[in-house]
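Here's the structure, in structure tokens; my notes come after.
The values are calculated or read from the model by the stated rules, or taken from the named source; none is laboratory data. Quick caveat: nothing in here was measured; it's all calculated off a predicted structure. Virtual Cβ from ideal backbone geometry, glycine too; neighbours counted across all protein chains shown. For accessibility, only protein heavy atoms count, side chains too; no ligands or nucleic acids. Shrake-Rupley method; radii C 1.70, N 1.55, O 1.52, S 1.80 Å.
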Amino acid sequence: MLKPDQAKNRIEELSKELNEHNYRYYVLSEPVISDYDFDMKMKELGDLEAVFPQFSSPDSPTKRVGGEITKEFRQVKHEYPMMSLGNTYSKQEVVDFINRVKKVISGDVEFVCELKYDGVAIGLRYENGKLAMGVTRGDGEQGDDVTANIKTIRSVPLKLHGAGFPEKFEIRGEVMMTRDAFDKLNEAKIENGDQPFANPRNAASGSLKMQDSAEVSKRNLDCFLYHLNGENLPHNNHYDNIQECRRWGFKIPKFMAKCRTIDEIFEFINNWEHERRQLNFDIDGVVIKVNSYTQQQELGFTAKSPRWAIAYKYAAESASTRLLSIDYQVGRTGAVTPVANLEPVLLAGTTVKRASLHNADIIKKLDVRIGDTVFVEKGGEIIPKITGVDLNLRPANAIETVFIKNCPECETPLIRAEGEAAYYCPNDTGCPPQIKGKLEHFISRKAMDIEGLGEGTIVLLFDKDYLKKFSDLYELNRYKKELIGLEKVIIPDTYELPKVPLEKVIFAFRIGYNGLSLKNSNAIVKHFKSLANYSKATYTDLEEIIDFQGNKSISVERIREKIYEYLKNPFNQEYLKSFGSDFEREDGISLETIIRLLNIPGVTETDIKILIKNFDYIYLISKASVEELMKIGIELDISEKVNNFFKDKKVIDWISKLNTLSITSIQEKSRDNLLLSIENSKERAFHYVLYALGIRYVGETVAKKLAHEFGSIDRLMNTSFDDLLSVPDIGLSIANSVIDYFKNPLNRDEIGKLKKHGLKFEIEETLRSNQIADSVFNGKSFIVTGTLPTLSREEAKKMIEENGGRFVSSVSSKTDFLILGESPGSKLIKAQKLGVKIINETEFLNLIKNE
């Protein structure tokens, strides 16, 4: 047995050795020991840490196996906003981008070309050479803290190599899954009867958000890093800093090149368009960046993306298939979108059955018709869309598609505003999908942030007439008793019920009990063709059709009577009528019906009720052990039969297609949590409430501007068109939309009700007075460089915005103030050149205090 000091030394020795081997294997791909030797050293370290836990560090190699459970991912604000890149599929636009850059930058410009990895964006924060946090992109301003799961990715260093790295910095990249790892994962899922992932990106995204990090560690995720943020970086250019990151232990892709000419850039693009198929991971294009940080700062940013970078995306994979029909969907704003139903076709690794047709103009432009053979692409490799028609294969009787005139949900005549492509349903207060969509928007995280009220629960409460308006949310406590036990089967739009032969469906209903053989079921199908017709069967019909030979022990007359008795029941008639010949119902199929259809030996009506009470998914029933089934009240012999039934491969295949079905239900705990979240939402600030109302064109940014400009909903409701136009960034469309919204007496009445419920419809007076009286901050832009003595960057940003100013990330001639801290970066030099006013933290705080 080692002494404590010996154990401490051995733990440190093993940790250092294993970190080095990990780096060589996962980053350099140059292992120097066998997997067996590595595993033995890891086991020794784990055993030592178990005996001497006081010497186990957070960055120990053993932490990569996971084990931490995360019930809810904490939201973290990005220190540097995670902006998206401007995308293009046009090489001419790449040329235009390069020319724009050269117009702004005097002198030579060097570009860096890199592959655009198809994964999940991640920001990794390091402090004192150790991984401090891993945060997803989220909305660009804040993301989810997934540190526990990031630690399981072996290509991500928990502790950096070498020296020369800043005390604090952030490196960004993409969490990915190789095709080999993806195939292995899907093989295992299929073998277990689980639904396989559609593509590696979905698999990586789903893995990163798993609650059990031990399970994440089994997914073999990888991480490519490609962008560095921070103060006091080693070099003043992107390429050299990224190479430096490789020396610190990061997995930096080798697929990058410095280019000075357009020809060199296109050589890189064209080469990888062909070579990408040889890679063991997915890419969807090439990113072109200006290399120099000084030049990047000079070029600056738009509201959403940097002006010094662009992503060229390769043309999407295309496939052809037949157009079966066109549905029309109504969105939250009333916009009606045509959606094509297609013969299933494999496209970019997924089976496509539906595709967007966008609007009436696109339908007319493409002249797309039912029965046409159409070309389908994945726009941005994600959303399928129809891009063309093969006129050579058009059926002779194909009829021209005419866009619908009335709303498919409420029959209201559609309208189309001048200059707009979309048709709209104007019945925004009476059209069900618009109402549900507005409710979903109202409760969303960026609006009222009401938890426990997802899409399924909204549909459930809407159908029960408990929730039709925003104000109804704040009256749900009147139905505390009635809410408990409410449930609804939720059918995803992409759900397709497996085709079950009709004779087996009838047989599964056990009509006639053990007297109705499969042979007789076949006879019924052959004669009646559908369940709807079967529900109308007469006694004479049954007498002519059913053959009772082979059932000598059972009274023929009694069997006929049982069948006829079943069919006479009005409930059974309605139930049967609701099914078509292919056994598809418009409103989906309930979990109870699925269990009935499976016809599990021995399962009674009581058993069915127990199962649907304790399980939301048929998949969960299929995975339940005998012990688990007995715990919920199923008898031993039945539990064994259920368990054995789901081991049959044919049953597993059938079930794998049903595992997206679920029941949304409200129980006492979920009800209490929901009502508490609704009550807490009353504390949301005015600009959140304004955004939640769902006024057309009023997004988060516009809502904040309007709230700060007018201060209260009363002033905004009674403002003039000209006053609205005088607000920065408020144009004609927004102004018209706001005026129209408040003209509607129903909207004003709803706001009155929400006021009575205590929602905040004005900015707090202390904050408002600062914003109105402030002559220094109002409309001014601020930037921070270096480390401030007492304030974090986030705290400074919050104070600037609360006092009417704007926090920006790069210096330009329009920047008003630079707040200077210790160890400033190149932003200080740029600010001095442009004559930006430079102040320290004390002067900044005095500005706030004096105003």
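Within segment 124-149, the set of residues being open to solvent by less than 10 Å² (accessible area, probe 1.4 Å), within 15 Å of M176 (Cβ to Cβ) and either in contact (Cβ under 8 Å) with a residue 40 or more places away in the chain or part of a loop (DSSP other than H, G, I, E, B) (or both) comprises L124, V146, N149. Note on segment 413-438: residues that are surrounded by fewer than 17 Cβ atoms within 10 Å (Cβ to Cβ) and not basic (K, R) total 11. For R64, the requirement of being assigned to a helix (DSSP H, G or I) and at pLDDT below 85 is met. Scanning segment 300-337 for residues that are touching a helix residue (DSSP H, G or I) at 6+ places or on another chain (Cβ under 6 Å) and buried (at least 17 other Cβ atoms within 10 Å of the Cβ) gives R307, W308, I310, Y312, V330, R332, G334. Please go through segment 260-281 and give me each residue that is surrounded by fewer than 19 Cβ atoms within 10 Å (Cβ to Cβ) and at pLDDT 90 or above, ordered by number. Passing the criteria: R260, T261, I262, D263, E264, F266, E267, I269, N270, N271. Of all residues in segment 241-255, those satisfying the criterion of being open to solvent by 30 Å² or more (accessible area, probe 1.4 Å) and either farther than 14 Å from E114 by Cα or outside any helix (DSSP H, G or I) (or both) are E244, R246, R247, K251, K254, F255.
K849: out of contact with any His (no Cβ under 8 Å at 6 or more places or on another chain), of a type in the set (K, R) and over 26 Å from M83 (Cα atoms), yes or no? Judged against the criteria, K849 is a match.
Working carefully through the options V156, V112, V101, V94, find the one that is surrounded by 14 or more Cβ atoms within 10 Å (Cβ to Cβ), in contact (Cβ under 8 Å) with a residue 24 or more places away in the chain and either part of a strand (DSSP E or B) or among the hydroxyl-bearing types (S, T, Y) (or both). Answer to the check: V112. In segment 609-632, the condition of being at pLDDT below 70, open to solvent by less than 40 Å² (accessible area, probe 1.4 Å) and of a type in the set (G, A, S) is met by no residue. Only one of the numbered conditions (1) open to solvent by less than 80 Å² (accessible area, probe 1.4 Å); (2) modelled with pLDDT of 70 or more; (3) hydrophobic (A, V, I, L, M, F, W, C) is not met by M40, and that is (1). Within segment 376-430, if we keep just the residues that are small (G, A, S) and part of a strand (DSSP E or B), the residue that is modelled with the highest pLDDT turns out to be G388. Taking the criterion of being part of a loop (DSSP other than H, G, I, E, B) and either surrounded by 17 or more Cβ atoms within 10 Å (Cβ to Cβ) or at pLDDT 90 or above (or both), the residues of segment 658-704 that qualify are L658, L661, I666, R684, A685, L693, G694, I695, R696, V698. If we scan segment 346-364, do we find a residue that is within 28 Å of the chain's Cα centre (by Cα), exposed (fewer than 15 other Cβ atoms within 10 Å of the Cβ), of a type outside the set (S, T, Y) and not in a strand (DSSP E or B)? Scanning segment 346-364, I find no residue that is within 28 Å of the chain's Cα centre (by Cα), exposed (fewer than 15 other Cβ atoms within 10 Å of the Cβ), of a type outside the set (S, T, Y) and not in a strand (DSSP E or B), so the answer is no. Of the residues making up segment 365-412, those that are under 24 Å from T88 (Cα atoms), open to solvent by 90 Å² or more (accessible area, probe 1.4 Å) and β-branched (V, I, T) are I382, I383. Counting the residues of segment 469-483 that are in contact (Cβ under 8 Å) with a residue 12 or more places away in the chain and within 29 Å of the chain's Cα centre (by Cα) gives 7. Scoring G454 on the criteria (1) loosely packed, with under 15 Cβ neighbours inside 10 Å; (2) touching a residue at least 12 places away in the same chain (Cβ under 8 Å); (3) more than 30 Å from A703 (Cα to Cα) leaves a single failure, condition (3).
Note on segment 712-738: residues that are surrounded by 16 or more Cβ atoms within 10 Å (Cβ to Cβ), at pLDDT below 85 and assigned to a helix (DSSP H, G or I) amount to 0. For segment 636-651, enumerate the residues that are in a loop (DSSP other than H, G, I, E, B) and in contact (Cβ under 8 Å) with a residue 24 or more places away in the chain. Once the filter is applied, which keeps residues that are in a loop (DSSP other than H, G, I, E, B) and in contact (Cβ under 8 Å) with a residue 24 or more places away in the chain, segment 636-651 yields only F646. Note on segment 766-851: enclosed helices (runs of 4 or more DSSP H) holding 1 or more residues that are of a type in the set (A, V, I, L, M, F, W, C) and either under 24 Å from H708 (Cα atoms) or at pLDDT below 75 (or both) are 793-802, 841-850. On inspection, F165 fails the criterion of being open to solvent by 20 Å² or more (accessible area, probe 1.4 Å) and either among the β-branched types (V, I, T) or assigned to a helix (DSSP H, G or I) (or both). Among the residues of segment 309-331, at least one is touching a Pro at 6+ places or on another chain (Cβ under 8 Å) and within 30 Å of F182 (Cα to Cα).
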